[in-house]
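Working notes, beginning with the structure itself.
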Amino acid sequence: MYNWKHWRLETDADNLAWLTFDRAETSTNTFSSETLRELADICSTLSALAKKPSGLVILSAKENGFAAGADIDEFTTLKNAEEAFAFTTLGNVVFDQVAALPFPTVALIHGFCMGGGTELALACKYRIMDDGPKTKMALPEVMIGIVPGWGGAKRMPALIGAGQALDLMLTGRAVDGRRAKKMGLVDVAAPRRHFVNAATMLLKKPPAPHTPALKDAITNWPIVRGIIANMSRKQVAKKARKDHYPAPYAIIDLWENFGGDPRNVPTEHPSSMTSLYKHPTAANLVRIFKLQDRLKALGAGGKDGEIKHVHVVGAGVMGGDIAAWCALKGFTVTLQDLDHARIAPAIKRAADMVKRRLKQPHLILAAMDRLVPDVKGDGVTHCDLVIEAIVENADIKKKLYAQIEPRLKTSAILATNTSSIPLQELSVSLARPERLVGIHFFNPVAQMMLVEIVEGPQTSADVMRASQAFVKKIDKLPLPVKSAPGFLVNRILTPYMTEAQVMLEEGIPMEVIDAAAREFGMPMGPIELADTVGLDVGLAVGKELAKPGGPEPKKIQELVAAKKLGKKSGEGFYKWVSGRPQKANGSGTVDLAPLWMRMTLPAVNEAIACVHEGIVADADLCDAGVIFGTGFAPHRGGPINYLRSAGKDKLLAEMKALEQKHGARFAADAGWQSI
């Protein structure tokens with residue numbers, strides 16, 4: 001038995017070596033320079049043995065997964081682009097050593113296997129992956145503005161074909177064991193309890209390594225490579241501008257022209273690791289990654305184990321989808337509405353969502369068994385958490401609370417999914433106002449990661465902690481905010497959406513308005529977003545958050561009165577066909593910058609006000625909330641980060657000019673002085 005600080009090496013009676021990755025003093029395996037150098041030393045040691053092992057198994061001692069990739073803390077503290085290139089080179093050299101070992105190797109993959117973890121697995125000759133739903137494999141480097149730098153961009157296309165590999169690398173999408181086996185990424189997908197036997201059998205009689213089928217192999221042929229690359233660039237261009245997000249374009253270039261090896265890319269080339277590291281997008285996306293970890297940490301320490309049964313009142317789109325998500329994540333859920341006819345569509349949507357995500361029949365059945373229709377509301381007396389998701393009307397909500405609060409266990413939490421109503425308005429007649437909290441999901445529930453945890457003046461600290469822990473348990477990001485109209489996200493989003501509608505009523509085409517927002521970096525324009533959320537919802541929130549003397553767009557009121565509610569009704573600002581808005585082509589020759597400046601500055605101003613007023617703890621959490629709650633231009637790092645990078649004086653001057661032209665709604669908040 002050999003011992004290194006982060007690795008344990010043992011040899012069994014069959015002369016098979018078992019190398020266990022167990023990074024010291026951490027709960028998660030990540031690759032630092034030290035862990036990589038130790039792995040290099042291990043490869044050298046094994047290669048130099050007179051009696052070499054018959055095979056090598058690489059596995060993880062961490063319960064949560066195989067490896068999460070490069071150490072993000074080390075990566076973000078590199079002094080310059082040259083150090084980043086050196087870190088990239090080190091990983092390539094070490095994984096090339098793994099690939100060159102003179103005996104068969106197999107990676108045993110459980111839990112998360114991301115980035116460098118996947119690249120280590122690809123450097124092995126074989127891969128065995130747990131077939132459970134919690135095990136995922138991915139190359140997500142594009143999400144932090146870089147390319148797969150340790151061999152993934154050369155080994156994955158060679159293994160499964162460029163078409164499948166580029167799809168995974170350009171999206172950062174993770175695949176489970178069954179999907180990975182079907183794609184050819186792994187050789188065996190089996191329950192983890194069978195890993196030892198599977199690895200032993202594989203290494204005792206090693207088969208020929210996997211090669212892609214002809215239809216996949218031809219995508220790597222030189223004559224086809226250019227065609228695949230151009231098709232991929234066109235697909236990427238539909239979703240991301242090259243100046244905003246250079247990484248996906250660099251991935252295509254790296255594969256097409258440099259053999260998937262970043263060491264082959266000239267330093268000054270725009271696709272080099274050096275150029276990507278210097279680009280502001282990489283720094284902002286890494287910052288967002290770390291902010292995501294900070295939000296996850298906010299869910300630690302609470303007694304989430306006390307919440308086992310969730311009762312949701314309101315089976316509309318939001319309530320039904322919240323109930324479905326909670327059942328998917330393992331909670332017993334009762335779903336209440338006035339009659340079965342109102343609950344039935346929610347159950348159908350839940351079944352569709354669960355089938356898409358779980359795939360395996362026994363898991364689907366178990367999840368659906370946890371979701372129970374409950375017209376009488378019997379679940380109220382047994383549940384640990386009530387989530388109210390009814391109409392956005394304070395009086396109606398208070399009437400409901402008066403009915404259900406006396407029936408609740410004294411330990412139960414009463415949560416509202418209100419998007420804008422302050423908790424102090426909802427708690428006035430409660431016997432136990434300290435048990436009331438806001439747990440505000442965003443639409444669509446299955447896709448939006450953020451959940452605002454709203455603290456009213458009387459909400460107890462224990463209820464806040466338990467609510468945050470619950471949200472983490474259902475794999476969402478909890479953001480604690482103070483109770484005030486609109487809380488954080490909707491308060492910041494509303495002036496942006498309102499200004500877009502004012503511009504529309506001034507005669508600016510909605511396609512141009514949406515194009516301007518996308519040029520700034522928004523994933524979707526505000527007019528299309530209004531249709532997607534629902535014009536009735538947007539109008540209700542807008543009225544709740546309207547400031548005295550502020551604009552009151554008429555078009556949205558007319559559309560709601562005509563029951564043209566947007567995507568869900570087939571028509572709103574746009575007509576919708578097969579889930580897509582019907583738009584006129586192009587934005588002409590209009591200069592879009594003044595338009596996006598006019599829309600986004602009110603949001604920046606409101607973000608500053610929220611930080612200044614203490615609605616959220618600090619500017620970083622404000623940025624995190626707006627990014628994960630609205631998709632605010634991720635490459636800009638959030639509204640406060642955008643302000644700092646663009647320059648406070650410059651944006652203040654823009655605000656002043658807009659105030660002179662359009663009025664007091666553009667007056668700078670007092671918080672500008674301290675931001």
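The values are calculated or read from the model by the stated rules, or taken from the named source; none is laboratory data. This is a predicted model, so every value here is computed, not measured. A quick note on method: Cβ atoms are made from the backbone with ideal geometry, for glycine too, and the neighbour counts reach across all protein chains shown.
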*Return the only residue of Ala327, Ala323, Ala297 being of a type in the set (Gly, Ala, Ser) and either assigned by TED's automatic domain parsing to the domain that holds Val236 or modelled with pLDDT under 95 (or both).*
Ala297
*Quick check, is Gly579 at pLDDT below 95, within 27 Å of the chain's Cα centre (by Cα) and among the small types (Gly, Ala, Ser)?*
yes
_Quick test of your reading of the structure: Pro53 fulfils all but one of (1) crowded, with 23+ Cβ neighbours inside 10 Å; (2) in a strand (DSSP E or B). Name the failing condition by number._
(2)
*Top-ranked residue of region 236-256 - restricted to ones that are surrounded by fewer than 15 Cβ atoms within 10 Å (Cβ to Cβ) and not small (Gly, Ala, Ser), ranked as nearest to His279 (Cα to Cα)*: Asp243
*Counting just the residues of region 15-58 that are at pLDDT 95 or above and among the acidic types (Asp, Glu), which one comes out nearest to the chain's Cα centre (by Cα)?*
Asp22
*Verdict on Leu276 being in a helix (DSSP H, G or I) and either in contact with a strand residue (DSSP E or B) (Cβ under 9 Å, 6 or more places away or on another chain) or farther than 13 Å from Gly145 by Cβ (or both)*: no
_Unique match (being touching a residue at least 40 places away in the same chain (Cβ under 8 Å), of a type in the set (D, E, K, R) and surrounded by 16 or more Cβ atoms within 10 Å (Cβ to Cβ)) among Arg294, Arg287_ = Arg287
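Specify which of the listed residues (Met497, Met522, Met510) is surrounded by 23 or more Cβ atoms within 10 Å (Cβ to Cβ), in contact with a Phe, Trp or Tyr (Cβ under 6 Å, 6 or more places away or on another chain) and of a type outside the set (Lys, Arg). Don't jump to the end; show me each part of the working.
Working: Met497 fails: in contact with a Phe, Trp or Tyr (Cβ under 6 Å, 6 or more places away or on another chain); Met522 fails: in contact with a Phe, Trp or Tyr (Cβ under 6 Å, 6 or more places away or on another chain).
Being surrounded by 23 or more Cβ atoms within 10 Å (Cβ to Cβ), in contact with a Phe, Trp or Tyr (Cβ under 6 Å, 6 or more places away or on another chain) and of a type outside the set (Lys, Arg) holds for just one of Met497, Met522, Met510, which is Met510.
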*Take region 626-671 and flag every residue that is within 25 Å of Val502 (Cα to Cα), in contact (Cβ under 8 Å) with a residue 60 or more places away in the chain, of a type in the set (A, V, I, L, M, F, W, C) and surrounded by 15 or more Cβ atoms within 10 Å (Cβ to Cβ).*
Val626, Ile627, Phe632, Ala633, Leu658, Phe666, Ala668
*Do you know which of the residues in region 56-77 that are in a loop (DSSP other than H, G, I, E, B) and in contact (Cβ under 8 Å) with a residue 24 or more places away in the chain is surrounded by the fewest Cβ atoms within 10 Å (Cβ to Cβ)?*
Glu63
_Of the conditions (1) touching a residue at least 60 places away in the same chain (Cβ under 8 Å); (2) touching a Phe, Trp or Tyr at 6+ places or on another chain (Cβ under 7 Å); (3) outside any helix (DSSP H, G or I), Thr267 satisfies every one except a single condition; which number is it?_
(2)
*Would you check which residues across region 182-206 are at pLDDT 95 or above, surrounded by fewer than 16 Cβ atoms within 10 Å (Cβ to Cβ) and either farther than 15 Å from Leu108 by Cβ or not assigned by TED's automatic domain parsing to the domain that holds Met169 (or both) and list them?*
Lys182
